[in-house]
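**Student:** I'd like to ask some things about the structure below.
Derivation of every value follows stated rules applied to the coordinates shown; laboratory data play no part. All values derive from a computational prediction rather than experimental measurement. Counting neighbours? That spans all protein chains shown, and the Cβs are built from the backbone with ideal geometry, glycine included.
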Amino acid sequence: MDKKDLRKKQIKLLAEYAKSAKKDEEDQLLLEQLMGSDLIKNSRSIGVTASLPSEVDTSRLIARLWDQGKDVYLARANNDHEHTQDFVYYTYMTKLKKSRFGVKEVDDATAPINNELDLIVVPGLAFALDSHQRLNFGGGYYDRFLAKHPASQTVALVNSKMSFQTAVWPVEKTDVPVQTIILPDQILRG
């Protein structure tokens with residue numbers, strides 16, 4: 001299946017799933033798995049994307065990270081032709097604005113940027129459990145970022161509708177797999 005068709009299919013499927021109690025239940029299980037992992041215990045600076053309703057909810061994750069005194073950085077797409085992004089310091093006092101993609105981002109041009117994070121929670125539409133490859137919305141922002149900043153550990157929170165045993169989409173040489181996949185009932189390390 002090509003990426004474009006699978007993206008459309010996954011966006012529709014995840015939008016429907018977002019209306020279910022099962023998604024909320026899985027989001028909570030994923031949060032507990034991540035918060036109980038060494039990934040969080042061993043990380044001080046953590047990059048996250050503000051989730052869309054169809055994605056695994058990151059708002060509770062962010063609140064829990066703040067409660068633990070972690071430094072949280074929110075992804076922000078840059079207005080350039082290279083499709084780059086930065087991670088911008090985020091506190092409960094920070095003003096946010098919606099990006100052109102509908103994602104909330106830090107609305108402060110002077111906020112500190114940290115692209116050398118201990119851990120990055122990588123979003124996606126579909127994840128291959130065997131290879132840790134991911135399918136996202138198609139802009140390539142995360143793949144470019146991860147290729148440029150390979151020192152950060154990466155993790156993905158993957159619910160049952162995002163999980164594929166193997167990639168059913170074409171994997172390109174520029175696609176960067178995530179190191180760890182967290183499922184509601186297990187953690188898979190790459």
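**Student:** Please identify every one of the trypsin sites (Lys or Arg not before Pro) in the stretch 1-99 that sits in a loop by DSSP and has no more than 12 other beta carbons within 10 Å of its own beta carbon.
**Tutor:** 19, 44, 95
**Student:** Quick one: which residues, 5 or more positions from residue 154 or on another chain, have an amide H under 5 Å from its amide H? H modelled 1.01 Å from N in the peptide plane, none for Pro or chain starts.
**Tutor:** 120, 179, 180
**Student:** Quick query: amide H of residue 85 versus all other amide H atoms, modeled in the peptide plane; which residues come in under 5 Å with a sequence gap of 5 or more or a different chain?
**Tutor:** Under 5 Å from the amide H of residue 85: 78.
**Student:** Okay, moving on. With a cut-off of 8 Å between alpha carbons and a minimum separation of six or more residues, what is the relative contact order of the stretch 3-189 in percent?
**Tutor:** Answer for the stretch 3-189 is 23 percent.
**Student:** Let me ask something else about it. Using Cα positions and a limit of under 20 Å, work out the lysines in reach of residue 161, with same-chain residues fewer than 8 apart set aside.
**Tutor:** Reachable lysines: 3, 4, 8, 9, 12, 19, 22, 23.
**Student:** Given +1 on the Cβ of Lys and Arg, -1 on the Cβ of Asp and Glu, and no further charges, what dipole in debye does the stretch 71-190 carry about its Cα centre, rounded to the nearest 20?
**Tutor:** Dipole size: approximately 320 debye.
**Student:** Working from the alpha-carbon coordinates of the stretch 3-189, get Rg over Rh, Rh being the Kirkwood radius.
**Tutor:** Answer for the stretch 3-189: 0.93.
**Student:** Per DSSP helix of 4 or more residues, -39500 (n - 2.57); summed, then divided by the residues of the chain. What does that give at 222 nm, rounded to the nearest 500?
**Tutor:** -8000 deg cm²/dmol
**Student:** May I ask you to sort 101, 127 by Cβ crowding, counting other Cβ atoms within 10 Å and putting the fewest first?
**Tutor:** 101, 127
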